[in-house]
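What follows is a set of notes on a single structure, which appears directly below.
The values are calculated or read from the model by the stated rules, or taken from the named source; none is laboratory data. Fair warning: this is a prediction, and the values are worked out from it, not measured in the lab. Every residue, glycine as well, gets a Cβ built from its backbone with ideal geometry; the counts of neighbours run over all protein chains shown. What goes into the accessible areas is simple: the full protein's heavy atoms, side chains included, and nothing from ligands, DNA or RNA. Shrake-Rupley method; radii C 1.70, N 1.55, O 1.52, S 1.80 Å.
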Amino acid sequence: MVLLVFFLKVEVNPTGIIALRALPQSKMRNALRYIPPSTLIGAIAYPLFHIKGERKETLMERKNPKSAADTLRGIFLWTTIKMSGKSKAYGSILKINRLHRGSVESAITSLPFTVMYGERDYSMSIVYLLKEEAISASSYSLKDFERAAWGISRLGSRESVVSVESVESGRVEIHEADEARTSYAFPFTGKEVEGRGALQAVFDWRKGIGSYSNTSFIVMFYPEEEVTVRGALKVVSLDGEEVVL
Amino acid sequence: MFLSVGVRFEANVEALNMVETAGNYSKHRRVPYLVEEDGKLKSVYVPAVSGESLAHAYQEHLVREALGMGLPVCDDCAKGEFFKSMDEVHLAPKLFLLDRVFKTVFRDVTTVSDETLRILNEELEKAKKSKKLNEEKIAQLKSYIELIQRFKNADNPRALFIQHKSVASQVIGNYMIKKNILDLSPYTIEEIIVKNCTIEDIGGFMYAGSPPVRRSSVFQVSYALPIKSMALFATAEPQLHARHAQMEGGKKGNVSEQMIYYVETGTALYGFTFNLDLDAIGVSAITSKPILDEDEIKKRREAALKALFRMLSSAQFGAKLSRFFPVGGITELVVSVTEHPFVVTSPIYDDYAEKTEKRLKVLESFGESYFYAKSSGEKLPEEVLKEAIEYIREKGHI
């Protein structure tokens, strides 16, 4: 069966550091090396909400607050990223001496970040596949999503500022295949991979975004180069590039 | 409205962001850059200034601007200690510093006091019966009980808390808030913090009490990094310095005649990006409704813009400015102001201004108006920033 879906392909340039906090948090504040789908949805949620004058970031449902991006979960069929180059985690040991309420305090801390930038041109390409029916039932239009894609300003936390350099949109078909070549991250389970890359367990965004007290994980394969994937695949082709769902 | 600024600045012999010391050696922050050489990638370490450091400097300017405009700033932020209501004790002073907040939270002074006294007396009894030596805790509990008894019978209970700010903060934080004596919902907590402190409204906060409440910063700032085409020319070199002590009459304690120390100084052409989401100021991140009236929101937006102007025009960002003030200054600057989020291309790329201008034109297809300006030989960075602020004023946002 062939399914047509609306896509957004967003080229993003970092302004330096990409900082992705991995949970559970600790004093070490470990960082993820690759950008998970939940972060990609959060990144477009912020400008999308802005268009509607919506400032909500936290949903106070029962005892566990969630990210407001969770309300958009049903609109996304899939989202993934292609990253040129290998990310590098780097952290400084910080010694801090300060005067606090009359006494000297000393502290040592460490801030590892995932770092992606370089002498050569560095870019990231994000693909969003959207369910048009779900958009029609929402207060947003496809145009709103396009404008929001241009407004992505941050990936992850704090100083992970990015600029969007181009946005392509349109409709694309999802087809079934036994084999595909891709540079985009994909769920690893049930697939055979030929090529270089890294595995990373990420939050399963389909179960909820922004509340990680009782979450489940999916294992994603992040290719370092174009890899061959085999299995019972769902694939979309965009400008000659294949994306495996 | 969303403001985005790309800044390039030349800094020769700077120590803007020192990260660690090993004995008498102070290190400059460095980050890895990937370099392609003979078809292979290798990492080189270049000097950098963290976004955290730039954000701290911005907030210090914001404190001064806010106070100058008569806007509220909490005691911690006013001192440049940006704890941001991180726990119950740091939240506590915000419950009584503003009259309008105090009246809402402490509506029934007698009931609140009686419940607090009941818990404190229980704790005191436990402490007295305990086999441990805890005289300090007993004395502390007695001081809390005394304050709450006076609070219950005071003619002006808020003034009493202000007079005994430190003890009041501890008893309110550790007992009234932690034991849920005060009815504080997440929205109420956010409202109290935003009303009390312009810095936490604009710079965000993370209250880690129960229930936890967070508010994202309405400004974003990237690392300042050497621009890509010149990254290999960036250096971080240790400079030797000496401190001398007069040694007449022999050695004084452990002090030797000459103490040497090293400060690593960086030299680079840096670029960084700063974004400011003016629409988020004074608006709840939980309900999406304004917390403040329109006039105060406009004043706070103006303070946020003035602080940015002041930071950039004075080059007062980073550390060790008193002895290592960087030689150089802002070489280039671009500003965009859009209705919704849009980020200028990072100035670490050579064609950032042209790319930004081209990308902004796309927004016309969404029916969106925008402002763009770039400094040049004839136009100073300060003039560009002033034009952007005037554009925002014309649009009625400040």
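Pick out the one residue from B:LYS379, B:LYS298 that is outside any helix (DSSP H, G or I), more than 14 Å from every other protein chain (Cβ to nearest Cβ) and either open to solvent by 50 Å² or more (accessible area, probe 1.4 Å) or closer than 29 Å to B:ALA236 by Cα (or both).
Values: B:LYS298 fails: outside any helix (DSSP H, G or I).
Answer to the check: B:LYS379.
Out of curiosity, is B:LYS358 at pLDDT 95 or above, closer than 25 Å to A:ARG147 by Cα and in the same structural domain as B:GLU14 (by the TED database)? Steps first, please.
Working: at pLDDT 95 or above: yes; closer than 25 Å to A:ARG147 by Cα: yes; in the same structural domain as B:GLU14 (by the TED database): yes.
When the stated conditions are applied, B:LYS358 passes them.
State the number of residues belonging to region B:225-240 that are at the interface with chain A (Cβ under 8 Å from one of its Cβ atoms) and within 27 Å of B:TYR58 (Cβ to Cβ).
Total meeting the criteria: 3.
Provide a single number: the residues in region B:306-322 that are surrounded by 21 or more Cβ atoms within 10 Å (Cβ to Cβ) and within 13 Å of B:LEU3 (Cα to Cα).
1
Yes/no matrix, rows are residues, columns are (1) in contact (Cβ under 8 Å) with a residue 60 or more places away in the chain; (2) small (Gly, Ala, Ser); (3) within 14 Å of another protein chain (Cβ to nearest Cβ):
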site	(1), (2), (3)
A:ALA149	yes, yes, yes
A:VAL162	yes, no, yes
A:GLU173	yes, no, no
A:THR182	yes, no, no
A:ARG196	no, no, yes
A:PHE203	yes, no, no
A:GLY210	yes, yes, yes
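Out of all the residues in region A:59-80, which are open to solvent by less than 20 Å² (accessible area, probe 1.4 Å) and over 28 Å from B:GLU368 (Cα atoms)? Walk me through how you get there before you give the answer.
If we filter region A:59-80 for residues that are open to solvent by less than 20 Å² (accessible area, probe 1.4 Å), which is where we start, we get A:68-70, A:72, A:75-76, A:78-80.
If the condition is that a residue be open to solvent by less than 20 Å² (accessible area, probe 1.4 Å) and over 28 Å from B:GLU368 (Cα atoms), then A:TRP78, A:THR80 are the ones that fit.
If a residue must be part of a loop (DSSP other than H, G, I, E, B), out of contact with any Pro (no Cβ under 6 Å at 6 or more places or on another chain) and under 21 Å from B:LEU312 (Cα atoms), how many such residues does region B:351-376 contain? First the steps, then the outcome.
Pass one, region B:351-376, residues part of a loop (DSSP other than H, G, I, E, B): B:351, B:367-369, B:375-376.
With the extra rule that they be out of contact with any Pro (no Cβ under 6 Å at 6 or more places or on another chain), the set shrinks to B:351, B:367-369, B:376.
Next, only the ones that are under 21 Å from B:LEU312 (Cα atoms) stay: B:376.
The total comes to 1.
Could you give every pair whose Cβ atoms fall below 8 Å, whose first residue belongs to region B:42-54 and is in the same structural domain as B:ALA11 (by the TED database) and without any contact (Cβ under 8 Å) to a residue 24 or more places away in the chain, and whose second residue is open to solvent by less than 20 Å² (accessible area, probe 1.4 Å) and of a type in the set (Asp, Glu), counting only separations of at least 6 or pairs across chains?
Matching pairs, first to second residue: B:GLU52/A:GLU159.
Within region B:10-25, track down each residue that is open to solvent by 10 Å² or more (accessible area, probe 1.4 Å) and either more than 10 Å from every other protein chain (Cβ to nearest Cβ) or more than 29 Å from the chain's Cα centre (by Cα) (or both).
Result: B:GLU10, B:ASN12, B:VAL13, B:GLY23, B:ASN24, B:TYR25.
So, of the residues in region B:226-242 that are assigned to a strand (DSSP E or B) and within 15 Å of B:VAL13 (Cα to Cα), which turns out to be least open to solvent (accessible area, probe 1.4 Å)?
Here is the first cut: in region B:226-242, the residues assigned to a strand (DSSP E or B) are B:226, B:235-242.
Narrowing further to those that are within 15 Å of B:VAL13 (Cα to Cα): B:226, B:235-241.
Numbers: B:PRO226: 2, B:THR235: 57, B:ALA236: 17, B:GLU237: 103, B:PRO238: 54, B:GLN239: 77, B:LEU240: 105, B:HIS241: 56 Å².
Going through the qualifying residues, I end up with B:PRO226.
Looking only at residues that are at the interface with another protein chain (Cβ under 8 Å from one of its Cβ atoms) and open to solvent by 60 Å² or more (accessible area, probe 1.4 Å) in region B:38-55, which one is nearest to B:ALA11 (Cα to Cα)?
B:GLU52
Check region A:176-190 and report whether any residue there is in contact with a Gly (Cβ under 7 Å, 6 or more places away or on another chain) and surrounded by 15 or more Cβ atoms within 10 Å (Cβ to Cβ).
Residues of region A:176-190 that are in contact with a Gly (Cβ under 7 Å, 6 or more places away or on another chain), as a first pass: A:190.
Narrowing further to those that are surrounded by 15 or more Cβ atoms within 10 Å (Cβ to Cβ): none.
Checked region A:176-190: no residue is in contact with a Gly (Cβ under 7 Å, 6 or more places away or on another chain) and surrounded by 15 or more Cβ atoms within 10 Å (Cβ to Cβ).
Kindly list, by first and then second residue, each pair from a residue in region A:45-62 that is more than 7 Å from chain B (Cβ to nearest Cβ) to a residue that is open to solvent by less than 70 Å² (accessible area, probe 1.4 Å) and assigned to a strand (DSSP E or B), limited to pairs with Cβ atoms under 6 Å and residues at least 6 apart or on different chains.
Correct list of pairs: A:LEU59/A:LYS66.
Determine the pairs where a residue that is open to solvent by 10 Å² or more (accessible area, probe 1.4 Å), located within region B:165-178, has a partner that is among the hydroxyl-bearing types (Ser, Thr, Tyr) with Cβ atoms under 6 Å apart, the partner being 6 or more residues away or on another chain.
If the second residue must be among the hydroxyl-bearing types (Ser, Thr, Tyr), the pairs left are B:VAL167/B:SER143; B:TYR175/B:THR116.
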